[in-house]
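The next block holds one structure in the form of structure tokens; read it before the comments.
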Amino acid sequence: MLSQRPKKLMSQNQEILLEARHICETFRGFTDGVRVLFLIHRSKEGSKSANNDKLKKVIVRNEKEFETELYNLLVEKHGSELPLRIYSCVNPRNMASAIRKFKEDQLNADYYDELNHHSFYLDIRNRFISALMKPSSSDRSYFIIDIDTKEDCPNGLDSVLMAIANAGIDSKRITQYPTKNGWHIVMHPFNPKLLGVHEEKIEKDALLLLSY
């Protein structure tokens with residue numbers, strides 16, 4: 001009798017592929033252009049170091065690459081015993097700006113001591129991703145309002161939406177989606193002071209939570 005394992009594996013991979021396509025459809029408009037996908041184990045969920053919680057970083061250049069690499073990260077996520085999350089930058093990145101920033105960092109590295117100078121080149125891919133993720137390398141300027149209904153906002157999404165409407169900035173709202181503990185609202189840029197007490201929840205050039 002043939003093993004059922006290959007069939008189960010094919011079925012699981014098909015489910016993950018459907019999940020990847022569903023995420024891409026849900027976040028349509030946020031999968032174009034150059035972006036960075038992150039597989040993250042958060043310190044709040046057991047990562048030993050907040051500085052090393054990004055287990056994998058993948059640069060994608062278009063919607064097709066986004067779906068392919070998202071699928072690969074989902075396979076790793078489902079196969080891990082750790083509680084992993086997948087994120088993507090809310091704003092596409094500008095390669096020309098990132099390359100310029102990377103070259104500046106590279107020139108600065110010439111003045112480092114020998115150990116740090118060598119470390120720069122031994123970690124060169126991460127150095128470029130760092131340049132790519134700098135706010136100056138952003139190709140748009142969307143904001144994310146991060147609502148944690150368990151801690152940050154007792155009345156949850158409704159109170160923030162009311163604050164947005166009362167401030168006269170409701171037309172700047174692009175989309176909203178649930179997170180593990182609350183909601184993210186993606187906005188066109190606006191004056192954060194208009195939201196008063198909610199100002200500290202506004203993140204500029206932040207990460208979209210795709211899967212948790």
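Within the group Asn62, Asn72, which residue is assigned by TED's automatic domain parsing to the domain that holds Gly29, surrounded by 15 or more Cβ atoms within 10 Å (Cβ to Cβ) and not small (Gly, Ala, Ser)?
Working: Asn62 fails: surrounded by 15 or more Cβ atoms within 10 Å (Cβ to Cβ).
After applying the criteria, what remains is Asn72.
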### Summary
Apart from one, (1) farther than 30 Å from Asn94 by Cβ; (2) modelled with pLDDT under 90 all hold for Asn166; the odd one out is (2)
### Query
Assuming Ala98 fulfils every condition listed in (1) assigned to a helix (DSSP H, G or I); (2) under 15 Å from the mean Cα position of the chain (by Cα); (3) not β-branched (Val, Ile, Thr) apart from one, which condition is it?
(2)
### Message
Just to be sure before I move on: is Tyr177 in contact with a Ser or Thr (Cβ under 8 Å, 6 or more places away or on another chain), surrounded by 13 or more Cβ atoms within 10 Å (Cβ to Cβ) and not aliphatic (A, V, I, L, M) in the structure I sent?
### Response
yes
### Message
As an exercise: evaluate Tyr111 against (1) loosely packed, with under 13 Cβ neighbours inside 10 Å; (2) in a helix (DSSP H, G or I) and give the number of the one condition it does not meet.
### Response
(2)
### Task
Residues being in contact (Cβ under 8 Å) with a residue 40 or more places away in the chain and assigned to a helix (DSSP H, G or I): count how many of those fall in region 158-191.
1
### Query
Across region 30-39, which residue is surrounded by the fewest Cβ atoms within 10 Å (Cβ to Cβ) among those that are in a loop (DSSP other than H, G, I, E, B) and in contact (Cβ under 8 Å) with a residue 60 or more places away in the chain?
Asp32
### Task
Please work out if Asp105 is closer than 24 Å to Asp53 by Cβ, surrounded by fewer than 19 Cβ atoms within 10 Å (Cβ to Cβ) and either in the same structural domain as Ser43 (by TED's automatic domain parsing) or not basic (Lys, Arg) (or both).
yes
#### Entry: Residues located in region 140-151, provided they are surrounded by 17 or more Cβ atoms within 10 Å (Cβ to Cβ) and charged (D, E, K, R)
Asp146
### Filtered residues of region 114-133 (kept if loosely packed, with under 13 Cβ neighbours inside 10 Å, of a type in the set (S, T, N, Q) and over 17 Å from Val58 (Cα atoms))
Asn116
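The values are calculated or read from the model by the stated rules, or taken from the named source; none is laboratory data. This is a predicted model, so every value here is computed, not measured. Reconstructed Cβ throughout: ideal geometry from the backbone, glycine too, with neighbour counts over all protein chains shown.
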